[in-house]
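In what follows, a single structure is set out as structure tokens and then discussed.
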Amino acid sequence: MITPAPPLVTARPATADESATAWALAARGGDAVAVDRFVRALHRDVIRYVAHLCADPQAVDDLAQDTFLRALAGLHRFEGRSSARAWLLAIARRAVADSIRRSAVRPRPADLPDWERAVEHAQPCGLPGFDDGVALRELLAGLPEERREAFVLTQLLGLPYAEAAELSDCPVGTVRSRVARARATLMTLLAEAEEEARTPVSSPPAAA
């Protein structure tokens, strides 16, 4: 009797989060290649998240650099209990909060630009409804801060709801509620903008 061969087991390809977490864990031992891959894998997410939290577009790069410096200095404490991305975004959140506190105790220049340019640079290309010429900044500006952060974390950065809840220090149900309300508001604003764009502008009557 011929015993059938066991089925081949195909290794499941690692997700981006799993790869970044593996590189972070490898980087703890001083692996320079792993450090470089860890930074490259998550640099864009940090930039986008900081841009949505920070009021000063000129500070985005500095805050992202501060985030990675803090992360690399504390990498020995990372144990992989959460994804490296969630861990890093929590550090970014603290870096922005610290920056805001420092700014609050010193005079603020009157001619600082708003955050429009930074957010538009971070605008996603593949999100349905956001490629119709409507600036993402204008839509997000209509959201309360907590709903905006929940939407950015889960819908733009793709963080799981559980990790977004841990990062925001609130229950998962609260994050889901904030995202649902944010999405409803954004779709309403988008529909209004599209309707306004379709409305023909009447020409002034010709002079007699």
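The values are calculated or read from the model by the stated rules, or taken from the named source; none is laboratory data. Since the model is a prediction, treat every value here as computed from it, not as a measurement. Every residue, glycine as well, gets a Cβ built from its backbone with ideal geometry; the counts of neighbours run over all protein chains shown. What goes into the accessible areas is simple: the full protein's heavy atoms, side chains included, and nothing from ligands, DNA or RNA. Shrake-Rupley method; radii C 1.70, N 1.55, O 1.52, S 1.80 Å.
Observations, loosely collected:
- Restricting Leu157, Leu189 to those that are open to solvent by 40 Å² or more (accessible area, probe 1.4 Å) and modelled with pLDDT under 85 reduces the list to Leu189.
- Test result for Leu53, over 12 Å from Ala84 (Cα atoms), open to solvent by less than 70 Å² (accessible area, probe 1.4 Å) and in contact with a Lys or Arg (Cβ under 9 Å, 6 or more places away or on another chain): yes
- The sole residue among Glu146, Glu194 that is farther than 26 Å from Pro57 by Cα and either open to solvent by 30 Å² or more (accessible area, probe 1.4 Å) or modelled with pLDDT under 85 (or both) is Glu194.
- Residue match in the range 42-62 (condition: assigned to a helix (DSSP H, G or I) and more than 23 Å from Arg148 (Cα to Cα)): no
- Residue check, Asp17 modelled with pLDDT under 90 and either touching a Leu at 6+ places or on another chain (Cβ under 9 Å) or surrounded by fewer than 21 Cβ atoms within 10 Å (Cβ to Cβ) (or both): yes
- Test: residue in the range 96-113 that is out of contact with any Phe, Trp or Tyr (no Cβ under 7 Å at 6 or more places or on another chain), surrounded by 20 or more Cβ atoms within 10 Å (Cβ to Cβ) and either at pLDDT 50 or above or charged (D, E, K, R) (or both): yes
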